[in-house]
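The structure under discussion appears below in the form of C-alpha cells.
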Amino acid sequence: MCRLLALSAMAVALGAPGLTAQSKPDAAFEAETLAHFQALVQLDTSSPPGNEIRAVEYVKKVLDKEGIPYQVFAKDPQRPNIVVRL
C-alpha cells in the first residue's frame, strides 16, 4: 500500500509544474492524474509474488514520455524500485 501511495503522489507530481500555490488543477490535469491513478491501481502487484515490475514499467513509460529522468534499482528483478527526482 505504501508503494501505491508513493506512485500516486508521483502521478500527481507529473503535472505539478503547471500549478502555482494559488491555482487549482484544471480539468485536463485532474483527468490525467485520475487516469494514472486508475492504471496503477488496476495493476496486480500484490504480494506474494510481488511483481512490482508492472507498476515500475508503467511509471517508466509515463516518465519517458514526459522526458523526466529516473533510476531503477532492484535486488529481485520482479520487485524493482524507481527513483525520480523532481
Can you tell me which residues in the stretch 28-49 are part of a helix (DSSP H, G or I) and either modelled with pLDDT under 90 or of a type in the set (Ser, Thr, Tyr) (or both)? Thr33
May I ask you to list pairs of residues, at least six apart or on different chains, whose Cβ atoms are under 9 Å apart, with the first in the stretch 35-53 being closer than 10 Å to Gln78 by Cβ and free of Cβ contacts under 8 Å to residues at least 40 places away in the same chain and the second being assigned to a loop (DSSP other than H, G, I, E, B) and of a type in the set (S, T, N, Q)? Pro49/Gln78; Gly50/Gln78; Asn51/Thr45; Asn51/Gln78; Ile53/Thr45; Ile53/Gln78
Residues in the stretch 50-65: is at least one surrounded by 11 or more Cβ atoms within 10 Å (Cβ to Cβ), in contact with a Leu (Cβ under 7 Å, 6 or more places away or on another chain), of a type outside the set (A, V, I, L, M, F, W, C) and not in a loop (DSSP other than H, G, I, E, B)? yes
Please go through (1) in a loop (DSSP other than H, G, I, E, B); (2) modelled with pLDDT of 90 or more; (3) surrounded by fewer than 10 Cβ atoms within 10 Å (Cβ to Cβ) for Ile68 and return the number of the only condition it doesn't satisfy. (3)
Which condition number does Ile82 fail, the rest of (1) out of contact with any His (no Cβ under 9 Å at 6 or more places or on another chain); (2) among the β-branched types (Val, Ile, Thr); (3) in a helix (DSSP H, G or I) being met? (3)
For residues in the stretch 1-27 being over 17 Å from Val84 (Cβ atoms) and among the charged types (D, E, K, R), which is modelled with the highest pLDDT? Asp26
Hits in the stretch 71-83 (condition: surrounded by 15 or more Cβ atoms within 10 Å (Cβ to Cβ) and under 12 Å from the mean Cα position of the chain (by Cα)): Ile82
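The values are calculated or read from the model by the stated rules, or taken from the named source; none is laboratory data. Since we're looking at a predicted model, the values are computed, not measured. Glycine gets a Cβ as well: all are built from the backbone with ideal geometry, and neighbour counts include every protein chain shown.
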